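See structure below.
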Amino acid sequence: LLLPVGIVVAMLLVGALIWGVRRRLSPLGELSLAVKRAEFVVHYQPIIELASGRCIGAEALVRWRRPDGTMVRPDLFIPLAEESGLILPITDQVIRSVVSELKALLVSDRGLHIAINLSADDIKSGRALNSVAAALLHTGIEPQQIWLEATERGFMDVNSARVTLTNARSTGYAVAIDDFGTGYSSLSYLQTLPLDALKIDKSFVDTIGTDSATSSVTRHIISMAKTLGLGIVAEGVETQEQADYLRKHRVEYVQGWLYAKAMPAADFIAYYRLNRARVPQVPEDEDDGL
Ligand code: C2E
Ligand code: MG
Ligand code: MG
Ligand code: MG
(Lines give C-alpha, C1' and ligand atoms only; values in the text may rest on other atoms or scores of the structure.)
(Ligands and ions follow the chains in the order given, each with its own letter.)
Protein backbone atom coordinates (compact mmCIF):
# COMPACT_ATOMS: atom_id res chain seq x y z
CA LEU A 1 0.00 0.00 0.00
CA LEU A 2 2.87 2.37 0.80
CA LEU A 3 4.25 2.19 -2.73
CA PRO A 4 1.12 3.45 -4.58
CA VAL A 5 0.63 6.17 -1.95
CA GLY A 6 4.24 7.23 -2.45
CA ILE A 7 3.73 7.40 -6.20
CA VAL A 8 0.57 9.48 -5.84
CA VAL A 9 2.31 11.89 -3.44
CA ALA A 10 5.28 12.19 -5.80
CA MET A 11 2.96 12.90 -8.75
CA LEU A 12 1.13 15.56 -6.75
CA LEU A 13 4.43 17.20 -5.84
CA VAL A 14 5.63 17.21 -9.46
CA GLY A 15 2.26 18.59 -10.58
CA ALA A 16 2.39 21.37 -8.01
CA LEU A 17 5.91 22.17 -9.05
CA ILE A 18 5.02 22.43 -12.75
CA TRP A 19 1.93 24.51 -11.94
CA GLY A 20 3.99 26.85 -9.76
CA VAL A 21 6.67 27.27 -12.40
CA ARG A 22 4.04 27.94 -15.06
CA ARG A 23 2.47 30.65 -12.94
CA ARG A 24 5.74 32.33 -12.24
CA LEU A 25 7.32 32.13 -15.69
CA SER A 26 9.86 34.83 -16.36
CA PRO A 27 9.26 37.06 -19.40
CA LEU A 28 11.80 34.95 -21.25
CA GLY A 29 10.04 31.75 -20.16
CA GLU A 30 6.74 33.13 -21.44
CA LEU A 31 8.27 34.16 -24.73
CA SER A 32 9.88 30.79 -25.32
CA LEU A 33 6.56 29.10 -24.56
CA ALA A 34 4.97 31.46 -27.11
CA VAL A 35 7.53 30.31 -29.67
CA LYS A 36 6.79 26.65 -28.92
CA ARG A 37 3.06 27.29 -29.25
CA ALA A 38 3.48 29.48 -32.35
CA GLU A 39 1.47 32.35 -30.84
CA PHE A 40 2.65 34.95 -33.37
CA VAL A 41 0.44 36.55 -35.97
CA VAL A 42 1.42 38.81 -38.83
CA HIS A 43 -0.32 42.03 -39.77
CA TYR A 44 0.27 43.76 -43.07
CA GLN A 45 0.73 47.49 -43.63
CA PRO A 46 0.10 48.57 -47.25
CA ILE A 47 2.97 50.16 -49.20
CA ILE A 48 1.77 52.76 -51.69
CA GLU A 49 3.41 53.96 -54.89
CA LEU A 50 3.14 57.73 -54.53
CA ALA A 51 2.97 58.67 -58.20
CA SER A 52 0.01 56.40 -58.92
CA GLY A 53 -1.61 55.92 -55.52
CA ARG A 54 -1.53 52.18 -56.17
CA CYS A 55 -0.83 49.64 -53.44
CA ILE A 56 2.21 47.65 -54.56
CA GLY A 57 2.77 45.58 -51.45
CA ALA A 58 2.87 45.42 -47.70
CA GLU A 59 5.25 45.21 -44.79
CA ALA A 60 4.80 42.15 -42.59
CA LEU A 61 4.67 43.23 -38.94
CA VAL A 62 4.61 40.61 -36.21
CA ARG A 63 2.34 40.64 -33.15
CA TRP A 64 2.20 38.22 -30.24
CA ARG A 65 -1.34 37.02 -29.60
CA ARG A 66 -1.40 35.72 -26.05
CA PRO A 67 -3.71 32.85 -25.08
CA ASP A 68 -6.09 35.36 -23.44
CA GLY A 69 -6.44 37.10 -26.81
CA THR A 70 -4.44 40.25 -26.02
CA MET A 71 -2.10 41.48 -28.76
CA VAL A 72 1.42 42.42 -27.75
CA ARG A 73 3.23 44.99 -29.90
CA PRO A 74 6.61 43.99 -31.34
CA ASP A 75 8.46 46.78 -29.50
CA LEU A 76 7.57 44.96 -26.27
CA PHE A 77 9.02 41.55 -27.14
CA ILE A 78 11.41 41.87 -30.11
CA PRO A 79 14.25 43.28 -27.93
CA LEU A 80 14.00 40.28 -25.55
CA ALA A 81 13.74 37.93 -28.52
CA GLU A 82 16.88 39.47 -29.98
CA GLU A 83 18.82 39.22 -26.71
CA SER A 84 17.85 35.62 -26.14
CA GLY A 85 18.20 34.19 -29.63
CA LEU A 86 14.44 33.49 -29.85
CA ILE A 87 14.27 35.91 -32.77
CA LEU A 88 15.47 33.21 -35.17
CA PRO A 89 12.45 30.90 -34.69
CA ILE A 90 10.14 33.95 -34.59
CA THR A 91 11.47 35.13 -37.96
CA ASP A 92 10.87 31.61 -39.29
CA GLN A 93 7.26 31.74 -38.10
CA VAL A 94 6.73 35.15 -39.67
CA ILE A 95 8.11 33.95 -43.01
CA ARG A 96 5.93 30.83 -42.98
CA SER A 97 2.83 32.87 -42.08
CA VAL A 98 3.46 35.35 -44.90
CA VAL A 99 3.79 32.57 -47.45
CA SER A 100 0.82 30.55 -46.27
CA GLU A 101 -1.50 33.56 -45.92
CA LEU A 102 -0.58 35.38 -49.13
CA LYS A 103 0.64 32.61 -51.43
CA ALA A 104 -2.41 32.61 -53.70
CA LEU A 105 -2.39 36.39 -54.11
CA LEU A 106 1.39 36.57 -54.65
CA VAL A 107 1.22 33.93 -57.37
CA SER A 108 -1.77 35.49 -59.12
CA ASP A 109 -0.39 39.04 -59.01
CA ARG A 110 3.34 39.61 -59.64
CA GLY A 111 2.90 43.29 -58.79
CA LEU A 112 2.51 42.37 -55.12
CA HIS A 113 5.59 42.61 -52.88
CA ILE A 114 6.00 41.70 -49.23
CA ALA A 115 8.66 43.26 -46.99
CA ILE A 116 9.95 41.15 -44.11
CA ASN A 117 11.86 42.59 -41.15
CA LEU A 118 15.10 40.86 -40.21
CA SER A 119 17.09 41.30 -37.01
CA ALA A 120 20.85 41.38 -36.59
CA ASP A 121 21.04 37.65 -35.80
CA ASP A 122 18.97 36.79 -38.86
CA ILE A 123 21.49 38.63 -41.01
CA LYS A 124 24.55 37.40 -39.17
CA SER A 125 23.57 33.74 -39.24
CA GLY A 126 22.17 33.94 -42.75
CA ARG A 127 19.51 31.51 -41.56
CA ALA A 128 16.64 33.77 -42.60
CA LEU A 129 17.65 33.35 -46.25
CA ASN A 130 17.37 29.57 -45.94
CA SER A 131 13.99 30.00 -44.25
CA VAL A 132 12.70 32.21 -47.05
CA ALA A 133 14.03 29.86 -49.72
CA ALA A 134 12.46 26.85 -47.99
CA ALA A 135 9.13 28.66 -47.58
CA LEU A 136 9.06 29.77 -51.24
CA LEU A 137 10.00 26.34 -52.62
CA HIS A 138 7.37 24.96 -55.03
CA THR A 139 5.00 27.86 -54.32
CA GLY A 140 5.45 29.73 -57.59
CA ILE A 141 6.21 32.97 -55.71
CA GLU A 142 8.99 34.92 -57.44
CA PRO A 143 11.98 35.95 -55.28
CA GLN A 144 11.55 39.47 -56.74
CA GLN A 145 8.29 39.71 -54.79
CA ILE A 146 10.17 39.48 -51.49
CA TRP A 147 11.82 42.51 -49.91
CA LEU A 148 14.02 42.12 -46.84
CA GLU A 149 14.64 44.99 -44.46
CA ALA A 150 16.87 45.51 -41.46
CA THR A 151 17.95 48.46 -39.37
CA GLU A 152 21.55 49.61 -39.19
CA ARG A 153 21.99 47.38 -36.14
CA GLY A 154 21.55 44.49 -38.52
CA PHE A 155 24.51 45.68 -40.55
CA MET A 156 26.93 46.34 -37.67
CA ASP A 157 28.83 43.16 -38.41
CA VAL A 158 29.68 44.49 -41.83
CA ASN A 159 31.42 41.39 -43.18
CA SER A 160 28.62 38.94 -42.46
CA ALA A 161 26.10 41.56 -43.57
CA ARG A 162 27.82 41.86 -46.90
CA VAL A 163 27.75 38.08 -47.41
CA THR A 164 24.06 37.79 -46.50
CA LEU A 165 23.00 40.81 -48.56
CA THR A 166 24.97 39.66 -51.58
CA ASN A 167 23.36 36.22 -51.35
CA ALA A 168 19.93 37.76 -50.90
CA ARG A 169 20.27 39.97 -53.94
CA SER A 170 21.72 37.25 -56.15
CA THR A 171 18.65 35.15 -55.29
CA GLY A 172 16.45 38.04 -56.38
CA TYR A 173 15.21 39.51 -53.09
CA ALA A 174 15.44 43.28 -52.72
CA VAL A 175 17.16 44.59 -49.61
CA ALA A 176 16.32 47.80 -47.73
CA ILE A 177 17.87 49.60 -44.79
CA ASP A 178 15.10 50.33 -42.25
CA ASP A 179 14.64 53.33 -39.93
CA PHE A 180 17.36 55.14 -41.82
CA GLY A 181 18.92 58.04 -39.96
CA THR A 182 18.23 56.80 -36.43
CA GLY A 183 21.44 54.80 -36.02
CA TYR A 184 24.97 56.00 -36.46
CA SER A 185 27.65 55.96 -39.18
CA SER A 186 24.81 55.69 -41.65
CA LEU A 187 26.87 56.98 -44.54
CA SER A 188 29.55 54.33 -44.36
CA TYR A 189 26.93 51.57 -44.41
CA LEU A 190 25.28 53.05 -47.42
CA GLN A 191 28.49 53.20 -49.38
CA THR A 192 29.86 49.77 -48.62
CA LEU A 193 26.78 47.52 -48.52
CA PRO A 194 24.85 46.15 -51.49
CA LEU A 195 21.42 47.71 -50.90
CA ASP A 196 18.38 48.40 -53.09
CA ALA A 197 16.40 50.83 -51.00
CA LEU A 198 16.34 53.05 -47.96
CA LYS A 199 13.40 53.55 -45.61
CA ILE A 200 13.27 57.05 -44.14
CA ASP A 201 12.37 56.81 -40.47
CA LYS A 202 9.10 58.29 -39.25
CA SER A 203 10.96 60.75 -37.04
CA PHE A 204 12.21 62.51 -40.20
CA VAL A 205 8.87 62.37 -41.96
CA ASP A 206 7.38 64.01 -38.83
CA THR A 207 9.55 67.10 -39.38
CA ILE A 208 8.22 67.79 -42.89
CA GLY A 209 6.52 71.17 -42.92
CA THR A 210 8.36 72.37 -39.83
CA ASP A 211 11.27 74.77 -40.03
CA SER A 212 13.57 72.64 -37.93
CA ALA A 213 17.07 71.63 -38.96
CA THR A 214 15.90 68.02 -39.11
CA SER A 215 13.52 68.96 -41.87
CA SER A 216 16.44 69.89 -44.11
CA VAL A 217 18.19 66.66 -43.09
CA THR A 218 15.15 64.83 -44.45
CA ARG A 219 15.62 66.59 -47.75
CA HIS A 220 19.28 65.63 -47.82
CA ILE A 221 18.55 61.99 -47.05
CA ILE A 222 16.29 61.93 -50.08
CA SER A 223 18.83 63.48 -52.41
CA MET A 224 21.63 61.29 -51.07
CA ALA A 225 19.58 58.14 -51.63
CA LYS A 226 18.95 59.24 -55.20
CA THR A 227 22.65 59.95 -55.77
CA LEU A 228 23.42 56.42 -54.60
CA GLY A 229 20.73 54.99 -56.86
CA LEU A 230 18.64 53.67 -53.96
CA GLY A 231 14.87 53.40 -53.97
CA ILE A 232 13.13 55.31 -51.17
CA VAL A 233 10.25 54.35 -48.91
CA ALA A 234 9.02 56.95 -46.42
CA GLU A 235 7.44 55.45 -43.29
CA GLY A 236 4.93 56.88 -40.87
CA VAL A 237 3.24 59.28 -43.32
CA GLU A 238 0.27 60.71 -41.46
CA THR A 239 -0.66 63.97 -43.21
CA GLN A 240 -1.47 65.06 -46.74
CA GLU A 241 1.17 67.77 -46.41
CA GLN A 242 3.85 65.14 -45.81
CA ALA A 243 2.62 63.09 -48.78
CA ASP A 244 2.65 66.15 -51.04
CA TYR A 245 6.19 67.04 -50.01
CA LEU A 246 7.42 63.49 -50.60
CA ARG A 247 5.71 63.36 -54.00
CA LYS A 248 7.27 66.67 -54.95
CA HIS A 249 10.69 65.27 -54.08
CA ARG A 250 9.98 62.13 -56.06
CA VAL A 251 10.00 59.64 -53.20
CA GLU A 252 8.67 56.45 -54.78
CA TYR A 253 6.90 54.66 -51.95
CA VAL A 254 5.12 55.53 -48.73
CA GLN A 255 3.61 53.76 -45.76
CA GLY A 256 1.57 55.36 -43.04
CA TRP A 257 -1.73 55.87 -41.32
CA LEU A 258 -2.73 58.44 -43.95
CA TYR A 259 -3.19 55.40 -46.19
CA ALA A 260 -3.70 52.42 -43.89
CA LYS A 261 -2.61 50.83 -40.63
CA ALA A 262 -1.27 47.31 -40.38
CA MET A 263 -4.13 44.81 -40.68
CA PRO A 264 -4.76 41.05 -40.60
CA ALA A 265 -4.15 39.06 -43.80
CA ALA A 266 -7.81 38.76 -44.84
CA ASP A 267 -8.30 42.53 -44.55
CA PHE A 268 -5.10 43.22 -46.46
CA ILE A 269 -6.15 40.90 -49.30
CA ALA A 270 -9.43 42.83 -49.64
CA TYR A 271 -7.59 46.16 -49.40
CA TYR A 272 -5.10 45.11 -52.05
CA ARG A 273 -7.79 44.03 -54.50
CA LEU A 274 -9.38 47.48 -54.23
CA ASN A 275 -6.19 49.51 -54.34
CA ARG A 276 -3.76 47.71 -56.66
CA ALA A 277 -5.05 49.48 -59.76
CA ARG A 278 -5.81 52.94 -58.44
CA VAL A 279 -5.70 55.73 -61.00
CA PRO A 280 -3.35 58.67 -60.38
CA GLN A 281 -4.91 61.19 -57.99
CA VAL A 282 -2.61 64.06 -58.85
CA PRO A 283 -1.77 65.35 -62.32
CA GLU A 284 1.83 64.85 -63.51
CA ASP A 285 2.54 68.56 -63.91
CA GLU A 286 2.28 69.18 -60.19
CA ASP A 287 5.85 67.99 -60.01
CA ASP A 288 8.34 70.80 -59.65
CA GLY A 289 10.89 69.11 -61.86
CA LEU A 290 13.49 68.53 -59.14
P1 C2E B 1 9.37 49.23 -38.45
O2 C2E B 1 9.90 48.09 -39.23
O3 C2E B 1 10.01 50.54 -38.66
O4 C2E B 1 7.81 49.27 -38.77
C5 C2E B 1 7.07 50.45 -38.82
C6 C2E B 1 6.29 50.65 -37.54
O7 C2E B 1 5.65 51.93 -37.61
C8 C2E B 1 5.18 49.65 -37.32
O9 C2E B 1 5.00 49.48 -35.93
C10 C2E B 1 3.97 50.37 -37.91
O11 C2E B 1 2.73 49.89 -37.44
C12 C2E B 1 4.26 51.78 -37.45
N13 C2E B 1 3.61 52.78 -38.30
C14 C2E B 1 3.42 52.72 -39.63
N15 C2E B 1 2.83 53.83 -40.10
C16 C2E B 1 2.64 54.64 -39.03
C17 C2E B 1 2.06 55.95 -38.87
O18 C2E B 1 1.62 56.60 -39.81
N19 C2E B 1 2.05 56.46 -37.61
C20 C2E B 1 2.55 55.77 -36.54
N21 C2E B 1 2.51 56.35 -35.34
N22 C2E B 1 3.10 54.53 -36.65
C23 C2E B 1 3.14 53.98 -37.89
P24 C2E B 1 4.93 48.06 -35.25
O25 C2E B 1 4.12 47.12 -36.09
O26 C2E B 1 4.54 48.25 -33.82
O27 C2E B 1 6.43 47.55 -35.33
C28 C2E B 1 7.44 48.18 -34.58
C29 C2E B 1 8.80 47.64 -34.94
O30 C2E B 1 8.94 46.28 -34.54
C31 C2E B 1 9.07 47.63 -36.44
O32 C2E B 1 9.44 48.91 -36.87
C33 C2E B 1 10.21 46.64 -36.52
O34 C2E B 1 11.44 47.24 -36.18
C35 C2E B 1 9.84 45.65 -35.42
N36 C2E B 1 9.20 44.48 -36.04
C37 C2E B 1 7.93 44.32 -36.42
N38 C2E B 1 7.73 43.09 -36.97
C39 C2E B 1 8.94 42.47 -36.95
C40 C2E B 1 9.41 41.17 -37.39
O41 C2E B 1 8.67 40.33 -37.94
N42 C2E B 1 10.73 40.90 -37.17
C43 C2E B 1 11.59 41.81 -36.58
N44 C2E B 1 12.87 41.47 -36.43
N45 C2E B 1 11.18 43.03 -36.17
C46 C2E B 1 9.88 43.36 -36.36
MG1 MG C 1 10.45 47.63 -41.06
MG1 MG D 1 10.96 51.16 -40.35
MG1 MG E 1 10.52 52.64 -37.64
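The values are calculated or read from the model by the stated rules, or taken from the named source; none is laboratory data. Quantities reported herein were computed from a predicted structural model and do not represent experimental measurements. Note that each Cβ is placed from the backbone with ideal geometry, even for glycine, and that neighbours are counted across all protein chains shown. Heavy atoms of the whole protein, side chains included, go into the accessibility calculation; ligands, DNA and RNA do not. Shrake-Rupley method; radii C 1.70, N 1.55, O 1.52, S 1.80 Å.
Please determine, by comparing only the residues of segment 106-127 that are more than 13 Å from the chain's Cα centre (by Cα) and open to solvent by less than 10 Å² (accessible area, probe 1.4 Å), which one is nearest to Glu30 (Cα to Cα).
The qualifying residue nearest to Glu30 (Cα to Cα) is Ile123.
If a residue must be at pLDDT below 95 and either among the charged types (D, E, K, R) or away from ligand 3 (no atom under 16 Å from the Cβ) (or both), how many such residues does segment 137-161 contain?
Within segment 137-161, residues that are at pLDDT below 95 and either among the charged types (D, E, K, R) or away from ligand 3 (no atom under 16 Å from the Cβ) (or both) number 8.
Any residue at all in segment 182-189 that is in a loop (DSSP other than H, G, I, E, B), without any contact (Cβ under 8 Å) to a residue 60 or more places away in the chain, within 14 Å of ligand 2 (Cβ to nearest atom) and surrounded by fewer than 16 Cβ atoms within 10 Å (Cβ to Cβ)? Before you say what the answer is, go through the steps one by one.
Within segment 182-189, the subset in a loop (DSSP other than H, G, I, E, B) is 182-185.
With without any contact (Cβ under 8 Å) to a residue 60 or more places away in the chain added as a condition, the list becomes 182-185.
Remaining after also requiring within 14 Å of ligand 2 (Cβ to nearest atom): 182-183.
Next, only the ones that are surrounded by fewer than 16 Cβ atoms within 10 Å (Cβ to Cβ) stay: 182.
Scanning segment 182-189 turns up at least one residue that is in a loop (DSSP other than H, G, I, E, B), without any contact (Cβ under 8 Å) to a residue 60 or more places away in the chain, within 14 Å of ligand 2 (Cβ to nearest atom) and surrounded by fewer than 16 Cβ atoms within 10 Å (Cβ to Cβ).
Can you tell me which residues in segment 156-180 are among the acidic types (Asp, Glu) and either under 15 Å from Ile114 (Cβ atoms) or assigned to a helix (DSSP H, G or I) (or both)?
Taking segment 156-180 as the starting set, the residues that turn out to be among the acidic types (Asp, Glu) are 157, 178-179.
The one that is among the acidic types (Asp, Glu) and either under 15 Å from Ile114 (Cβ atoms) or assigned to a helix (DSSP H, G or I) (or both): Asp178.
Could you check Leu3 against (1) touching a residue at least 12 places away in the same chain (Cβ under 8 Å); (2) of a type outside the set (Lys, Arg); (3) away from ligand 2 (no atom under 15 Å from the Cβ) and say which number it fails?
In the conditions (1) touching a residue at least 12 places away in the same chain (Cβ under 8 Å); (2) of a type outside the set (Lys, Arg); (3) away from ligand 2 (no atom under 15 Å from the Cβ), Leu3 misses (1) alone.
Test Thr207 against the stated conditions and say whether it is open to solvent by less than 50 Å² (accessible area, probe 1.4 Å), within 16 Å of ligand 1 (Cβ to nearest atom) and either at positive phi or not aliphatic (A, V, I, L, M) (or both). Please lay out each step first, then the result.
Numbers: open to solvent by less than 50 Å² (accessible area, probe 1.4 Å): yes; within 16 Å of ligand 1 (Cβ to nearest atom): yes; either at positive phi or not aliphatic (A, V, I, L, M) (or both): yes.
It is true that Thr207 is open to solvent by less than 50 Å² (accessible area, probe 1.4 Å), within 16 Å of ligand 1 (Cβ to nearest atom) and either at positive phi or not aliphatic (A, V, I, L, M) (or both).
Count, please, the residues in segment 54-73 that happen to be crowded, with 16+ Cβ neighbours inside 10 Å and of a type outside the set (D, E, K, R).
9
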